[in-house]
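Below is one structure, written out as structure tokens, with a few remarks after it.
Read-outs throughout are calculated quantities, based only on the coordinates presented, and are distinct from any laboratory measurement. Because the structure is predicted, anything quoted here is derived from the model rather than measured. As a convention, Cβ positions derive from the backbone with ideal geometry for all residues, glycine included, and neighbour counts pool all protein chains shown.
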């Protein structure tokens, strides 16, 4: 019987794309004020540069505007991006799903990778600390404990005082989200959000990296959990 559902954060509960666009709007305000640039044009250029390649976006936007910069200035922009208060929210199907799980006395958790300050701001923005029983930001344990390292899953099991067979993990990234839950004996479910960062990946992995189930919405998650309970 499933007694806990643990979720990834980005592109599972919230849109990573919306977060990125929020961060770019924040940076465009800084750059427009500092260099007298058009805020909307800079925001759009950041998006276009990111879509062509996510690497060194802030360097490239300054270069395209003929603005010299130092490594410290880039580092400061990156820090501002990660620490900004993001304009994000849960996907439309999340809160109803969480309420139904809570009504069934199912414990709720989050295990999320990413830089700790950025992930913490995301969690604050969606009031996640009021919705979930346990939240683990793997970066707070150390970069070496980012998924697919099993430590966060082991900690979640200890905190919830459950067996792995009573737990489900829902994530979106085949390269790291499911291999540890599979090895530990958790049920794994792959969330495929439309326009998710990893929704169209064509890379191939060993069988142990793939989730047992694949879904496109939280309603499908509830259907699977109902079937497992029968």
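Some notes on this structure:
- Model label points for residue 130 and residue 41, set 7 angstrom from Cα along the Cα-to-Cβ axis, are 4.2 nm apart.
- For region 17-83, alpha-carbon Rg and Dmax in angstrom: 10.7, 29
- Entry note, the chain: relative contact order of 25 percent, from Cα contacts under 8 Å with a spacing of 6+ residues.
- Extension gain for residue 162 to residue 105 (0.36 nm times residue separation, less C-alpha to C-alpha distance): 19.2 nm.
- Using distinct alpha-carbon pairs, which all enter the 1/r mean, Kirkwood radius of region 104-230 in Å: 15.4
- Just checking the listed ones, 205, 91, 115: in the Gaussian network model of the chain with Cα springs under 10 Å, the one fluctuating most is 205.
- Most fluctuating residue given options 124, 108, 203, as computed from a GNM of the chain linking Cα atoms under 10 Å: 203
- Net length gained if the chain between residue 145 and residue 207 were fully extended (0.36 nm per residue, minus Cα distance): 20.1 nm
- Rounded to whole Å, sorted largest first: equivalent-ellipsoid semi-axes of the chain, Cα gyration tensor: 35, 17, 17
- Computed helical MRE - 222 nm, the chain, DSSP H runs ≥ 4 contributing -39500 (n - 2.57), nearest 500: -14000 deg cm²/dmol
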